[in-house]
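Encoded as C-alpha cells, the structure appears first; notes follow it.
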Amino acid sequence: MNESEDGDWVKIYSTEYEYKILIIREILSDNSIKSYEINKKDSSYLFGYCELYVRGTDVIKAKLLIEKSEV
C-alpha cells in the first residue's frame with residue numbers, strides 16, 4: 001500500500017520552495033517522524049506549491065519541530 005493511501009496522513013506544511021521541504025523532512029526524520037511530500041509545482045512555469053504530510057499521530061510533534069527550526 002502506498003503511504004498516502006492509508007488515510008492517516010495530514011498536511012502540515014506547504015511552501016513554494018522545495019529546499020524548505022527537504023530541510024524539514026530531514027529534521028522530522030532525525031526525530032523518527034515519517035513524512036512524504038507532494039510536489040504540485042508546474043514543471044514548465046515553476047509556480048505552485050510543495051506539500052508535506054505526516055501521520056496524524058505525529059502532527060503536534062512535527063509542527064513544534066518546524067516552529068523551532070524557523071525554516
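For the stretch 54-69, state whether one or more residues are within 13 Å of the chain's Cα centre (by Cα), surrounded by fewer than 13 Cβ atoms within 10 Å (Cβ to Cβ) and small (Gly, Ala, Ser).
So far as the stretch 54-69 goes, yes, one or more of its residues are within 13 Å of the chain's Cα centre (by Cα), surrounded by fewer than 13 Cβ atoms within 10 Å (Cβ to Cβ) and small (Gly, Ala, Ser).
Keeping to the stretch 31-41, report how many residues are within 17 Å of Val71 (Cβ to Cβ) and either of a type in the set (Val, Ile, Thr) or not in a strand (DSSP E or B) (or both).
Looking only at that region, the number is 2.
Scan the stretch 56-70 and report the pairs whose first residue is under 11 Å from Val10 (Cα atoms) and whose second residue is outside any helix (DSSP H, G or I) and among the charged types (D, E, K, R), with Cβ atoms within less than 7 Å and a gap of 6+ or a chain change.
Between residues of the stretch 56-70 that are under 11 Å from Val10 (Cα atoms) and residues that are outside any helix (DSSP H, G or I) and among the charged types (D, E, K, R), the close pairs are Gly56/Asp8.
Has the stretch 40-50 got any residue that is at pLDDT 90 or above, surrounded by 14 or more Cβ atoms within 10 Å (Cβ to Cβ) and in contact with a helix residue (DSSP H, G or I) (Cβ under 9 Å, 6 or more places away or on another chain)?
Yes, the stretch 40-50 contains at least one residue that is at pLDDT 90 or above, surrounded by 14 or more Cβ atoms within 10 Å (Cβ to Cβ) and in contact with a helix residue (DSSP H, G or I) (Cβ under 9 Å, 6 or more places away or on another chain).
With respect to Glu37, is the statement that it is touching a helix residue (DSSP H, G or I) at 6+ places or on another chain (Cβ under 8 Å), at pLDDT 95 or above and among the charged types (D, E, K, R) true?
Considered against the rule, which asks whether it is touching a helix residue (DSSP H, G or I) at 6+ places or on another chain (Cβ under 8 Å), at pLDDT 95 or above and among the charged types (D, E, K, R), Glu37 comes out as yes.
Going by the structure shown, is Ser44 among the polar types (S, T, N, Q) and outside any strand (DSSP E or B)?
Details: among the polar types (S, T, N, Q): yes; outside any strand (DSSP E or B): yes.
Answer is yes for this residue.
Just the residues that are closer than 14 Å to Val71 by Cβ, in contact with a helix residue (DSSP H, G or I) (Cβ under 7 Å, 6 or more places away or on another chain) and not in a helix (DSSP H, G or I), please, taken from the stretch 3-30.
Answer for the stretch 3-30, where residues must be closer than 14 Å to Val71 by Cβ, in contact with a helix residue (DSSP H, G or I) (Cβ under 7 Å, 6 or more places away or on another chain) and not in a helix (DSSP H, G or I): Ile12, Tyr13, Thr15.
The values are calculated or read from the model by the stated rules, or taken from the named source; none is laboratory data. As the structure is a computational prediction, the values presented were derived from the model and not from experiment. A quick note on method: Cβ atoms are made from the backbone with ideal geometry, for glycine too, and the neighbour counts reach across all protein chains shown.
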